[in-house]
């Protein structure tokens, strides 16, 4: 997560350590995430610095060493502590903001986008990878994923109830709400953050790797060719109802 926390950091670090051990044990998961990380890097603006928010156990930093890795806690894998809703950067000083599975952990995502508008340079980008709620993914996320999914949240509906425990907040539908259901209001609220790319992707490969669980149904050598096949079906053939993920790229216009 990348929101300011008040709870003890020890459980969070233990959680990251478990993820890191699973990352090291599962080559299929590493192959899949590296495939996704290349997609992220390919959409970064040619500006620096690039800042990752919510770096977790440092997997993206390992893939892209030049990135400034931040998290809401001081951890062994972050370069700097940063609150996504109160970024410690000067106005117009950041080239890229990268959020990989972080947006849906922010109880107040609009505060983050206000900060993004402030700290990005002209032409700088926000690159986001998030769960995407479709006919297929709703079954998978709803039945087999531990994080809540609520498509009924209205982020623009006035004052929202405070979250009692922000460190455990999650709503897998956040990106779908902001960039599908409520995008017209998002565009009105943040006129400088223009979409330059949006892409639904991922279908069967991710659940077959089982993510950071102990089992895996797919050998590492099959991950990239099957992911390319998925891209063809989901993106080129426009079978977006099968997608589980979405890539969103916003660029700051002056």
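Here is how the numbers come out for the structure above:
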read-out: Failed item in (1) at pLDDT below 95; (2) in a helix (DSSP H, G or I), with residue 23 passing the rest; value: (1)
read-out: Residue within segment 43-51 that is modelled with pLDDT of 95 or more, in a helix (DSSP H, G or I) and under 25 Å from residue 226 (Cβ atoms) present; value: no
read-out: Scope segment 174-215; condition in contact with a strand residue (DSSP E or B) (Cβ under 9 Å, 6 or more places away or on another chain), surrounded by 20 or more Cβ atoms within 10 Å (Cβ to Cβ) and assigned to a helix (DSSP H, G or I); matching residues; value: 174, 175, 176, 178, 179, 186, 206
read-out: In segment 116-125, the residues that are surrounded by 22 or more Cβ atoms within 10 Å (Cβ to Cβ) and either touching a helix residue (DSSP H, G or I) at 6+ places or on another chain (Cβ under 6 Å) or more than 12 Å from residue 99 (Cα to Cα) (or both); value: 120, 124
read-out: Unique residue being over 20 Å from residue 41 (Cβ atoms) and buried (at least 20 other Cβ atoms within 10 Å of the Cβ) when the list is 97, 110, 106; value: 106
read-out: Scan of segment 113-125 for residues that are under 14 Å from residue 70 (Cβ atoms) and touching a residue at least 60 places away in the same chain (Cβ under 8 Å), ordered by number; value: 116
read-out: Test: residue in segment 234-250 that is touching a residue at least 60 places away in the same chain (Cβ under 8 Å), closer than 30 Å to residue 47 by Cβ and more than 19 Å from the chain's Cα centre (by Cα); value: no
read-out: Flag if residue 40 is part of a strand (DSSP E or B) and surrounded by 18 or more Cβ atoms within 10 Å (Cβ to Cβ); value: no
read-out: Within segment 73-94, considering residues that are touching a residue at least 40 places away in the same chain (Cβ under 8 Å), touching a strand residue (DSSP E or B) at 6+ places or on another chain (Cβ under 6 Å) and buried (at least 17 other Cβ atoms within 10 Å of the Cβ), the one farthest from residue 186 (Cα to Cα); value: 82
read-out: Meets criteria (at negative phi, at pLDDT below 95 and out of contact with any strand residue (DSSP E or B) (no Cβ under 7 Å at 6 or more places or on another chain)) for residue 15; value: yes
read-out: Extreme residue, nearest to residue 244 (Cα to Cα), among residues of segment 126-154 that are without any contact (Cβ under 8 Å) to a residue 60 or more places away in the chain and either over 18 Å from the mean Cα position of the chain (by Cα) or surrounded by 22 or more Cβ atoms within 10 Å (Cβ to Cβ) (or both); value: 133
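Condition check ((1) over 26 Å from residue 201 (Cβ atoms); (2) under 14 Å from the mean Cα position of the chain (by Cα)) across all residues:
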position: 13; (1), (2): yes, no
position: 23; (1), (2): no, no
position: 32; (1), (2): no, no
position: 41; (1), (2): no, yes
position: 65; (1), (2): no, no
position: 72; (1), (2): yes, no
position: 84; (1), (2): no, yes
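The values are calculated or read from the model by the stated rules, or taken from the named source; none is laboratory data. Note that this is a predicted model, so its numbers are computed, not measured. Don't worry about glycine lacking a Cβ; one is built from the backbone with ideal geometry, like all the others, and counts go over all protein chains shown.
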